[in-house]
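Novice: Can you read through this structure? Questions will come right after.
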Amino acid sequence: MADLFDVSAYILSQTGPITSMKLQKLVYYSQAWSLVWDERPLFANRIEAWANGPVVPDLFQAHRGEFIIASEPTGRLERLSKDDRETVDGVLATYGDKSATWLSALTHNEQPWIEARIGLPDGERGCRPISHGALTDYYGNL
């Protein structure tokens, strides 16, 4: 299985520098579609339903304070399989030209994030997980 930082490095190798928020959303969609298309997770790290959409806390911590992310020093592209790359490429073809705010707004209208945020007021911090099952059920039915 690829590592979160390998996936992040691959995304950055394809997009060039992007905002931290956009990287978070592209990593999220890569995980979601890997669960649907490849029937397995792309990485093992937890995804949480934060106020601005899905976030992988480990990725957030690694780039804390950075607005633009240009590289992923610990990521190794060679650890992604051909299937992994094809999945991420498919995600980038669909979501890669969208802005971070557009992607965030999209996630706010999708069930995995909505369900994980039940009971939390808009804008309130939260760290509830978005499960693989929720991702598979929702995106698998699109």
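Novice: Kirkwood hydrodynamic radius (Cα pairs, Å) of the chain?
Specialist: Radius from the Kirkwood sum: 14.9 Å.
Novice: So how far apart, in nm, are the two label points at ARG64 and ASN45 if each is 7 Å from Cα heading toward Cβ?
Specialist: 1.4
Novice: What are the lysines whose alpha-carbon lies under 20 Å from the alpha-carbon of LYS98, with same-chain residues fewer than 8 places away excluded?
Specialist: LYS22, LYS25
Novice: Using only the alpha carbons of the range 90-142, what is the convex hull's orientation-averaged projected area in square nanometres?
Specialist: Answer in nm², one decimal: 4.3.
Novice: At R0 = 25 Å, how high is the FRET efficiency between LYS98 and ASP122 if r is their beta carbon distance? Nearest 0.05 is fine.
Specialist: So the FRET efficiency works out to roughly 0.70.
Novice: Of all accessible surface on the chain at a 1.4 Å probe, what whole percent is carbon and sulfur?
Specialist: 53
Novice: Say each of SER71 and ASP137 gets a label point 7 Å from the Cα, pointing the same way as Cα to Cβ; how far apart are those two points in nm?
Specialist: My value for the distance between the label points is 4.3 nm.
Novice: Could you name the aspartates and glutamates whose alpha carbon sits less than 18 Å from that of LYS82, not counting residues in the same chain fewer than 8 places away?
Specialist: Leaving aside aspartates and glutamates fewer than 8 places away in the same chain, those within reach of LYS82 are ASP3, ASP6, ASP38, GLU39.
The values are calculated or read from the model by the stated rules, or taken from the named source; none is laboratory data. A quick note: this is a predicted structure, and the numbers were derived from the prediction, not measured. Ideal geometry is used to build each Cβ from the backbone, glycine not excepted, and the neighbour counts take in all protein chains shown. For accessibility, only protein heavy atoms count, side chains too; no ligands or nucleic acids. Shrake-Rupley method; radii C 1.70, N 1.55, O 1.52, S 1.80 Å.
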